[in-house]
């Protein structure tokens, strides 16, 4: 078996927060997958000044020691090494869109969803509209811009239209709380989504893996929420800052999040809806969706998160492990789908 030359695409062209988040996941991935007989790893690290670096590791020391390059020089560096496949691990909007499109342009395949699909799903209202047209239940809502007045009566959830990790999200229980919630949300986005609050039964995430051209539903992950004391998830449920100023993950402790028993009746119901979302959005390789399950057991689509860093702590990796799929097997499956799709781009998924 020939060795695959894999480029880890890490960092952020947007800000230091996303740089740290990407580095956190990318570092974990590289540490977990060190099969020299199968892979030859390279790292491309992008910083908010849009300079490229090619460090030997994702330690701060190695990043500082790496020479900064322009995009033109970086492309020369990458093409000279005859990279077979790129593993995108950038979570900012430019990273999920522009940088993936760049690899389309230079004709190097990458694992995960295409730049146009990432751009659509990064905007929560657009993703909702597409899956709703496919028959998936979504909360009713409206998109507001600065100066607009909301028309939906509380309780509602106010969220930036294109922000992740629950930044700027608030539950508005009465009209008096609207102004503060909107002000906070607009700090993260020029557009804000206001949507009806779905009464809480459960909140789950569902991953879909493409294997041999078929959609495979992964075990669900459920989140700790409570209708009285903690009705929606917030930033603190997902990330926290460490003493040294870095980031760590908080939703990986089996307290705030856990894998649902595959025999739980909700599993099949949510997986079928998730497959509809995957197909409606035109996803490839894998996908990930958040659902609010009401007290009657009806799943409601909340948003799509179409990325996986292939760190052991990545949601899809955790789900796959619970389903008997190792991290190595997960990566091999995704890379195989990437390489096959390069040869047969019109491959249909069932």
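The values are calculated or read from the model by the stated rules, or taken from the named source; none is laboratory data. As the structure is a prediction and not an experimental result, all values here were calculated from the model. Here the Cβ positions follow ideal geometry from the backbone for every residue, glycine too, while neighbour counts run over all protein chains shown.
What are the residues in the range 168-190 that are assigned to a loop (DSSP other than H, G, I, E, B) and touching a residue at least 60 places away in the same chain (Cβ under 8 Å), if any?
The one that is assigned to a loop (DSSP other than H, G, I, E, B) and touching a residue at least 60 places away in the same chain (Cβ under 8 Å): 169.
Being touching a residue at least 60 places away in the same chain (Cβ under 8 Å) and outside the structural domain of residue 332 (by TED's automatic domain parsing) narrows it down to one residue among 101, 66, 32, 74; which is it?
That would be 32, the only listed residue that is touching a residue at least 60 places away in the same chain (Cβ under 8 Å) and outside the structural domain of residue 332 (by TED's automatic domain parsing).
Could we say that residue 286 is buried (at least 17 other Cβ atoms within 10 Å of the Cβ), at pLDDT 95 or above and over 16 Å from the mean Cα position of the chain (by Cα) here?
Spelling it out, it is not the case that residue 286 is buried (at least 17 other Cβ atoms within 10 Å of the Cβ), at pLDDT 95 or above and over 16 Å from the mean Cα position of the chain (by Cα).
Please pick out the residue among 271, 296 that is within 20 Å of the chain's Cα centre (by Cα) and farther than 28 Å from residue 3 by Cα.
Result: 271 is the single residue among 271, 296 that is within 20 Å of the chain's Cα centre (by Cα) and farther than 28 Å from residue 3 by Cα.
Yes or no: residue 157 at pLDDT 95 or above, crowded, with 18+ Cβ neighbours inside 10 Å and over 17 Å from residue 194 (Cα atoms)?
For residue 157, the condition - at pLDDT 95 or above, crowded, with 18+ Cβ neighbours inside 10 Å and over 17 Å from residue 194 (Cα atoms) - is not met.
Residues in the range 191-237 that are outside any strand (DSSP E or B) and more than 21 Å from the chain's Cα centre (by Cα): how many?
11
If only one of 124, 238, 211 is surrounded by fewer than 18 Cβ atoms within 10 Å (Cβ to Cβ) and either modelled with pLDDT under 95 or within 30 Å of residue 331 (Cβ to Cβ) (or both), which one is it?
211
Inside the range 273-322, can you point out the residues that are touching a strand residue (DSSP E or B) at 6+ places or on another chain (Cβ under 8 Å), farther than 24 Å from residue 97 by Cβ and assigned to a helix (DSSP H, G or I)?
Those that are touching a strand residue (DSSP E or B) at 6+ places or on another chain (Cβ under 8 Å), farther than 24 Å from residue 97 by Cβ and assigned to a helix (DSSP H, G or I): 273, 275, 318, 319, 320, 322.
Test of understanding: among 55, 48, which residue is over 25 Å from residue 333 (Cα atoms), part of a loop (DSSP other than H, G, I, E, B), free of Cβ contacts under 8 Å to residues at least 24 places away in the same chain and in contact with a helix residue (DSSP H, G or I) (Cβ under 7 Å, 6 or more places away or on another chain)?
Exactly one residue qualifies, and that residue is 55.
Yes/no matrix, rows are residues, columns are (1) under 18 Å from residue 333 (Cα atoms); (2) modelled with pLDDT under 95; (3) more than 19 Å from the chain's Cα centre (by Cα); (4) surrounded by 13 or more Cβ atoms within 10 Å (Cβ to Cβ):
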{"site": "18", "(1), (2), (3), (4)": "no, yes, no, yes"}
{"site": "62", "(1), (2), (3), (4)": "no, no, yes, yes"}
{"site": "69", "(1), (2), (3), (4)": "no, no, yes, yes"}
{"site": "74", "(1), (2), (3), (4)": "no, no, yes, yes"}
{"site": "89", "(1), (2), (3), (4)": "yes, no, no, yes"}
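Which of (1) touching a strand residue (DSSP E or B) at 6+ places or on another chain (Cβ under 6 Å); (2) within 23 Å of residue 118 (Cα to Cα) is the odd one out, the single condition residue 98 does not satisfy?
All conditions pass for residue 98, except number (1).
Out of the range 77-87, which residues are loosely packed, with under 14 Cβ neighbours inside 10 Å and either free of Cβ contacts under 8 Å to residues at least 40 places away in the same chain or at negative phi (or both)?
Once the filter is applied, which keeps residues that are loosely packed, with under 14 Cβ neighbours inside 10 Å and either free of Cβ contacts under 8 Å to residues at least 40 places away in the same chain or at negative phi (or both), the range 77-87 yields 79, 80, 81.
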